[in-house]
Amino acid sequence: MRYLILSDIHSNQEALRAVLSFVRRKPWDKVVVLGDVVGYGADPNQTVDMLRALKPLVVVRGNHDKVCSGLENGELFNRIALEAAMWTRKKLTRSNLQWLRKLPQGPVEVDGKFAICHGTPIDEDAYIFGELEALNVFRHTDFPISFFGHSHFPVVFALSPEAITTVLTVAPSFRFKLRPGVRYLINPGSVGQPRDGSPLSSFAIFDGDTGTVTFHRLNYQVGRTQRKILDAGLPRPLADRLSIGR
Ligand SMILES: [Fe+2]
């Protein structure tokens, strides 16, 4: 079974469209989403509609999905994120608002093979930036393989009986073979707002039969997405950051 793993799409229709057009040539069976479908970008309804049409197996909620759908008030958001969330809440159709409100909280186990969550399997709003946070998660959970998002950069943390290691991926396409006896925390990167210094959209495909994760980075129409953000009256930094991947 091959899983298309998407995270942090953030209402970026062009990035999601580029990913879906790319994977038309790549075989995959099921799609799972690690949260933050909306927030920041100018196309919340189009993005949710595209995702719903894929009939994803599981979509866990992200912090932006909660605030944009009114489940939380966003008191921990910075001014720009909150402004975008309130704008998004007004734009969402009733049906998409309801869909977002009903998204489950992670972690959710998928086919008994791996877990998915937004921030961490312990706390959906917490971040895993480095090995210290990853080690803490490994110590307090027992999932052999977890996929997470929220930090917006592709990374693998691997815990063997001897050591924890970090794999940062830089190639446009990178295959990583999982080893038995090693536990993994894997971030596929952000589809709609990458923050690792590269503007390229990021996602992964996990082959559950061969135990291989393939990361992909793709160009998309960044300029078009930026124009839409500015035309919608959303804060300029949300457009600017897309061209530098920050
Ligand atoms: Fe996010």
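One table, with the values for the structure above:
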item	result
DSSP bridge orientation in the chain - percent antiparallel, rounded to nearest 5	70 percent
Set of lysines with alpha-carbon distance to LYS91 below 21 Å, sequence-local pairs under 8 removed	LYS66, LYS102, LYS228
By average C-beta atoms within 10 angstrom, highest first, the peptides 80-86, 235-241, 147-153, 11-17	11-17, 147-153, 80-86, 235-241
By average C-beta atoms within 10 angstrom, highest first, the peptides 3-9, 27-33	3-9, 27-33
Shape of the stretch 98-215, Cα gyration tensor, a/c cut at 1.5	rounded
Using a Förster distance of 41 Å, the FRET efficiency for ALA126-ASP49 (Cβ separation, nearest 0.05)	0.85
Separation in nanometres of the label points that stand 7 Å from Cα toward Cβ, at THR166 and GLU109	3.0 nm
Point-to-point label distance, ARG179-ARG195, nm (Cα→Cβ direction, 7 Å offset)	3.1 nm
Expected 222 nm ellipticity per residue - DSSP helices of 4 or more, -39500 (n - 2.57), all of the chain, to 500	-9000 deg cm²/dmol
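Values in this text are rule-based calculations from the coordinates and carry no lab data. Keep in mind that this is a model prediction, so the values were computed, not measured. For neighbour counting, all protein chains shown are included, and Cβ atoms are generated from backbone atoms with ideal geometry for every residue, glycine included.
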